[in-house]
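Trainee: Dumping the structure here so I can ask a few things about it.
The values are calculated or read from the model by the stated rules, or taken from the named source; none is laboratory data. Please read all numbers here as calculations on a predicted model, not as lab measurements. Here the Cβ positions follow ideal geometry from the backbone for every residue, glycine too, while neighbour counts run over all protein chains shown. Quick note on the areas: whole protein, heavy atoms, side chains included, nothing else; ligands and nucleic acids left out. Shrake-Rupley method; radii C 1.70, N 1.55, O 1.52, S 1.80 Å.
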Amino acid sequence: MDPAGQLCYVDAYARRVEGRVVAVDESGEAPLVVLDTTVFYPGGGGQPADRGLLLRATDGRSWTVRAARKSGRDIVHELEPSDEGPPSRDDVLTVDLDWARRFALMRTHTALHALCGVVWRDYGALVTGGNMEPGSGRMDFEFERMSGDLVAEIEAAVNTELAARRDVRVNVLPRDEAFAIPDLIRTKINLLPEGIQEIRTIEIVGLDLQADGGTHVANTSEVGGIKVTGYESKGRINKRIRLELVDPA
Ligand SMILES: [Zn+2]
């Protein structure tokens, strides 16, 4: 599968596209389908894979895509099993995302990067991991002195940054160039496999820059705000912050 057909990495707002089936695998419980073009995000970096539909205009049939994942260079769509069987090789299908879910994930993902940016800028704490669902997420930090008071400060600072209508930019840089950016070191860019020659970055202009494969909104105003819903210790140094989105007014 040509990387140019993987639209999620270049246009997070692409929610529907026509693609041709290039491979079908019926050997497992759920049929797996690869298309030459897709809008599905295959999951990764704490962002779950998309869900949605495949539609065949010639006979009106549709299939539910319950998951997606990366397999080698391909994005594989996992279909809900059905008695009528999967589409065929060379079928032209409309690929249609569950957009409400995806857009909530984009807003959540950008909110988590804003949180990382604030915690790094104001407290110098490194992020060690994270995960999200549509509308909520958590991030873990090396943040020994975190407390309830600090969490309230962090929530207010993140909301200030989101309200500042900061642009969010996607860049793809040659490996050497990316490794020369000091800000990227903290996101453990050095853990990326040797073979990767290009590094994709997400920049919240003026706040945060990370190596990242996920989908994001184009401006922080689309996130709305956040509410910190919990924080906990995962050891003496490792602390976890949970947040939920607050819809834009
Ligand atoms: Zn991310």
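Trainee: Determine whether the range 73-94 contains at least one residue that is open to solvent by 20 Å² or more (accessible area, probe 1.4 Å), within 30 Å of VAL127 (Cα to Cα) and out of contact with any Ser or Thr (no Cβ under 6 Å at 6 or more places or on another chain).
Mentor: yes
Trainee: Regarding ALA67, is this residue modelled with pLDDT of 95 or more, within 23 Å of GLU29 (Cβ to Cβ) and open to solvent by 20 Å² or more (accessible area, probe 1.4 Å)?
Mentor: For ALA67, the condition - modelled with pLDDT of 95 or more, within 23 Å of GLU29 (Cβ to Cβ) and open to solvent by 20 Å² or more (accessible area, probe 1.4 Å) - is met.
Okay, residues lined up against (1) surrounded by 15 or more Cβ atoms within 10 Å (Cβ to Cβ); (2) farther than 21 Å from GLU198 by Cβ; (3) among the hydroxyl-bearing types (Ser, Thr, Tyr):
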position	(1), (2), (3)
LEU7	yes, no, no
GLY28	no, yes, no
VAL33	yes, yes, no
ASP50	yes, yes, no
ALA57	no, yes, no
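Trainee: Then there's this: Restricting the search to the range 239-248, which residues are open to solvent by 60 Å² or more (accessible area, probe 1.4 Å) and over 13 Å from ASN159 (Cα atoms)?
Mentor: Selection gives ARG242 alone.
Trainee: Looking only at residues that are small (Gly, Ala, Ser) and touching a residue at least 60 places away in the same chain (Cβ under 8 Å) in the range 54-112, which one is nearest to ALA12 (Cα to Cα)?
Mentor: Of everything passing the filter in the range 54-112, ALA104 is nearest to ALA12 (Cα to Cα).
Trainee: Here is a follow-up. With the requirement that a residue be within 14 Å of VAL205 (Cα to Cα) and either within 10 Å of the chain's Cα centre (by Cα) or surrounded by fewer than 23 Cβ atoms within 10 Å (Cβ to Cβ) (or both), what does the range 103-113 give you?
Mentor: THR110
Trainee: Take the residues of the range 114-161 that are of a type in the set (Lys, Arg) and closer than 20 Å to GLN210 by Cβ: which is surrounded by the fewest Cβ atoms within 10 Å (Cβ to Cβ)? Give the steps one after another, and end with the answer.
Mentor: Filtering the range 114-161 down to residues of a type in the set (Lys, Arg) leaves 121, 138, 145.
Narrowing further to those that are closer than 20 Å to GLN210 by Cβ: 121, 138.
Working: ARG121: 13, ARG138: 20.
Ranking the candidates gives ARG121 first.
Trainee: Something else now. Filter the range 163-186 for residues that are among the basic types (Lys, Arg) and within 17 Å of LEU207 (Cα to Cα); which is least open to solvent (accessible area, probe 1.4 Å)?
Mentor: First, pick out the residues of the range 163-186 that are among the basic types (Lys, Arg): 165-166, 169, 175, 186.
When the remaining residues are screened for being within 17 Å of LEU207 (Cα to Cα), the result is 165-166, 169, 186.
Values: ARG165: 157, ARG166: 61, ARG169: 118, ARG186: 20 Å².
That would be ARG186.
Trainee: Can you find even one residue in the range 191-208 that is in contact with a Ser or Thr (Cβ under 7 Å, 6 or more places away or on another chain) and not charged (D, E, K, R)?
Mentor: The answer is yes; a qualifying residue exists.
Trainee: Something else now. Could you tell me which residue of the range 1-57 is nearest to GLU133 (Cα to Cα), considering only residues that are part of a loop (DSSP other than H, G, I, E, B) and of a type in the set (Phe, Trp, Tyr)?
Mentor: Step by step, filter the range 1-57, then rank; the result is TYR41.
Trainee: While we're looking at this one, here's another question. Regarding ARG236, is this residue among the basic types (Lys, Arg), away from the ligand (no atom under 16 Å from the Cβ), over 30 Å from ALA100 (Cβ atoms) and open to solvent by 80 Å² or more (accessible area, probe 1.4 Å)?
Mentor: Against the criterion (among the basic types (Lys, Arg), away from the ligand (no atom under 16 Å from the Cβ), over 30 Å from ALA100 (Cβ atoms) and open to solvent by 80 Å² or more (accessible area, probe 1.4 Å)), ARG236 qualifies.
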